[in-house]
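> Pasting a structure below so you can have a look.
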Amino acid sequence: MSELLKSIDARTKLAGTNKLEILLFSLGTNSITGRRETFGINVFKVREVMRTPPITSAPEMPASVEGMVSLRGVLVPVVDLARYAGVATDTPRSIMIVTEYAGHTQGFLVEGVDTILRLDWSQMKVPPEMLMAEMGGLVTAVTELPDGRLVMMMDVEKVLSETTNYDDEVVYRNIKPLNDPKLTVFFADDSIVARKQITRTLEAMNVKYVGAMNGREAWNELEKVAAYAETSGQEITDLVSLVLTDVEMPE
């Protein structure tokens, strides 16, 4: 088995045990608050970590996109995460995290990386509403480290949808409606952007749907559906045709 397939196999098995690995990183000291926050990204989405190569400016890029770099002959957009997240800092971002998601490769500029942690998903909590509002929905989950630091998991999908053509309209144009009123899809995902994409896809398919934003909420809603099916003398498959779920999310 190739090293790539071994890596994918190992990460998939890790998800099946309800555990995850996160790469900790910082964006620098906030010159307004004086705090140096710790963020995390799922290792499954990280391809490599490297010193930032020369960046070539490109016209008509979003404000937080520094430009493009050439990685093994492929042009990759580079996002300054501090600028994107609104963190006012003068700390140089000399490290680049190269990520892959949904067939897209991009670089994230950060001040530095710390370590990789293996955690149980039960340690990841839904972020408080105040933190969600402060970070503009950028944080999908939080956890506290033994040293007291709060780690905020970053919503990679949200960053990509707002800085690249990742969520381009063309994706939805050729979806054909199914026009079957009996179909209902239940989905769960902790990413705001992923939920939006699933919703738009199902609406284009003309399929009814119900959504949840974490595992616990999804389980509670499915239990309600099961209870209703039992009391009404129906099969649960009459009410839910498909369950579509993120394999890794809080609770």
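The values are calculated or read from the model by the stated rules, or taken from the named source; none is laboratory data. Source: prediction; values computed, not measured. No Cβ is skipped: glycine too gets one built from the backbone with ideal geometry, and neighbour counts run over all protein chains shown. Note: accessible area is taken over every heavy atom of the protein model, side chains too, but ligands, DNA and RNA are not part of it. Shrake-Rupley method; radii C 1.70, N 1.55, O 1.52, S 1.80 Å.
> Note the full-extension length gain between L117 and T52 as 0.36 nm times their separation in residues minus their Cα-Cα distance, in nm to one decimal.
Between L117 and T52, full extension yields 21.1 nm more.
> Expressed as a whole number of Å, what is the distance separating the alpha-carbon centroids of region 214-251 and region 55-117?
Measuring centre to centre over Cα atoms gives 39 Å.
> When the chain is modelled as a GNM with alpha-carbon springs shorter than 10 Å, which of A85, A58, A212 fluctuates the most?
Answer for the Gaussian network model of the chain: A58.
> Under a cut-off of 26 Å between alpha-carbon atoms, report the lysines in cross-link reach of K19, not counting same-chain residues fewer than 8 places apart.
Within the straight-line limit of under 26 Å, K19 reaches these lysines: K6, K45, K125, K158, K196.
> Run the accessible area of the chain with a 1.4 Å probe and give the carbon-and-sulfur part as a rounded percent.
That share works out to 54 percent.
> What order do you get for 243-249, 190-196 when each peptide is scored by the mean count of other beta carbon atoms within 10 Å, highest first?
Per-residue mean Cβ counts within 10 Å order the peptides as 190-196, 243-249.
> Ok, one more. Which net charge results for the neighbourhood of T56, defined as the other residues with beta-carbon distances under 15 angstrom from its beta-carbon, given Lys and Arg at +1 and Asp and Glu at -1?
Its environment carries a net charge of -3.
> Right, next: Write down the accessible area per residue of region 54-110 in Å², having rolled a 1.4 Å probe over the full set of protein chains.
Each residue of region 54-110 exposes 49 Å² on average to a 1.4 Å probe.
> 5 Å is the cut-off here: which amide hydrogens, built 1.01 Å from N in the peptide plane, fall below it relative to A58, excluding neighbours closer than 5 in sequence?
M68
> If the elastic network links every pair of Cα atoms under 10 Å, which of I198, I32, I97 fluctuates the most in the Gaussian network model of the chain?
I32
> I want to check the label-to-label distance for V43 and S241. Put each point 7 Å from Cα in the C-beta direction and report it in nm to one decimal.
3.9
> Would you work out which of L75, Q123, A227 lies farthest towards the positive end of the dipole of the chain? Charges go on Cβ: Lys and Arg +1, Asp and Glu -1.
L75
> Where does the charge balance sit around F25 when Lys and Arg score +1, Asp and Glu -1, over other residues with C-beta under 9 Å from its C-beta?
Summing Lys and Arg as +1 and Asp and Glu as -1 gives -2.
> Give me the dipole magnitude in Debye, nearest 20, for the chain about the Cα centre, with unit charges on the beta carbon: positive for Lys and Arg, negative for Asp and Glu.
Dipole magnitude for the chain comes out near 440 debye.
> Within region 27-86, report the GluC sites (Glu not before Pro) that DSSP leaves as loop and that have at most 12 other Cβ atoms within 10 Å.
Answer by residue number: E60.
> Further, regarding this structure: Around E66, with a cut-off of 11 angstrom between Cβ atoms, what is the net charge of the other residues, counting Lys and Arg +1 and Asp and Glu -1?
So the surrounding residues net to +1.
> If R0 is 35 Å, what FRET efficiency do you get for E230 and L131 from their C-beta distance, rounded to 0.05?
The value I calculate is 0.35.
> Helix 192-204 against the longest principal axis of the chain: what's the angle in degrees, Cα atoms only, rounded to the nearest 10?
With rounding to tens, the tilt is 40 degrees.
> Rounded, prolate or oblate: pick one for region 37-87, where a ≥ b ≥ c are the square roots of the eigenvalues of its C-alpha gyration tensor, a/c under 1.5 means rounded, and failing that, prolate if a/b is larger than b/c, else oblate.
oblate
> Nothing charged except the Cβ atoms of Lys and Arg (+1) and of Asp and Glu (-1): what's the magnitude of the dipole of region 30-154 about its Cα centre? Round to the nearest 20 debye.
That gives region 30-154 a dipole magnitude of about 260 debye.
> If you count the DSSP beta bridges with both ends in the chain, what percent of them are antiparallel, to the nearest 5?
70
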